[in-house]
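S.K.: One structure follows; several queries about it will come next.
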Amino acid sequence: MAKKPSYEDAHLVVAAIRVLCHREPKPPTPEQVAELLDLPDELVRSIVVSLGDLGVLHLMESPFETRIELGDHTLVEDLPRGAEGPTMKDEIEDFVERKKKEVEETKKMFTPDEIQKKKKEKMTKLEDEMKKMKKSKYQPFPD
C-alpha cells in the first residue's frame, strides 16, 4: 500500500473532487484535480491512489483514463495531521526536478551544436584510423 497522505492533503483533494463534480457532469481525472490545485500531477496521483486504497475514493480506471469518485470521505479523519504529507510532497517534487533535468540533458544532446561536435569527433577518429592504416602499410584493396 502507498504511503498515507496527510489529513490536510486528503481534505484538499477531496474538496477539489467535489468542486470538479459540481462543475462537470462526469467525475474528474487526477490531472484535472492537479490543475485545479496547482500541484504536480505525480503528487495528486499518489494521494489519489492512497485514498483509493483506504476507501476514501473510488478509482474508475479504463485503458485510456482514470476517473475519481468519492467513497467514504469520513475515513479522512483517521489520517495523520501534517506529519507525513510534506515528506511525500518533497519526495515527489524532487522526482519532478530530476526528471526535468534529464529531459533538459536529453534535449541538449540533440542541439545542432552538439550534433556538429559529435560529427567532428567521429571524423577525427576516422582520420586517425586512416593514418594508422597508412603507417602500417596495410592495403585493404591491393592494386
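Values in this text are rule-based calculations from the coordinates and carry no lab data. As the structure is a computational prediction, the values presented were derived from the model and not from experiment. Don't worry about glycine lacking a Cβ; one is built from the backbone with ideal geometry, like all the others, and counts go over all protein chains shown.
S.K.: Could you check the spin-label model distance between MET133 and GLU24? Points 7 Å from the Cα along Cα→Cβ, value in nm.
M.R.: Between MET133 and GLU24, the label points sit 6.2 nm apart.
S.K.: Separate question: What is the chain's relative contact order, in percent, from Cα pairs under 8 angstrom and six or more apart in sequence?
M.R.: 25
S.K.: Also, I was wondering about something else. Calculate for the chain the 222 nm mean residue ellipticity that helices alone would give, adding -39,500 (n - 2.57) per DSSP H run of length 4 or more and normalising by residue count, nearest 500 deg cm²/dmol.
M.R.: When only DSSP H runs of four or more count, the value is -21000 deg cm²/dmol.
S.K.: Based on the Cβ-Cβ distance of THR106 and LEU59, what FRET efficiency does E = 1/(1 + (r/R0)^6) give at R0 = 41 Å, to the nearest 0.05?
M.R.: That pair, THR106 with LEU59, gives E of 0.80.
S.K.: Let me ask something else about it. Expressed as cubic angstrom per residue, what is the convex hull volume of the alpha carbon set of the chain?
M.R.: 218
S.K.: Report, ordered by chain and residue number, the lysines lying within cross-link reach of LYS107, taken as a straight Cα distance under 30 Å and ignoring same-chain residues fewer than 8 apart.
M.R.: Candidates past the 8-residue exclusion: LYS89, LYS99, LYS117, LYS118, LYS119, LYS120, LYS122, LYS125.
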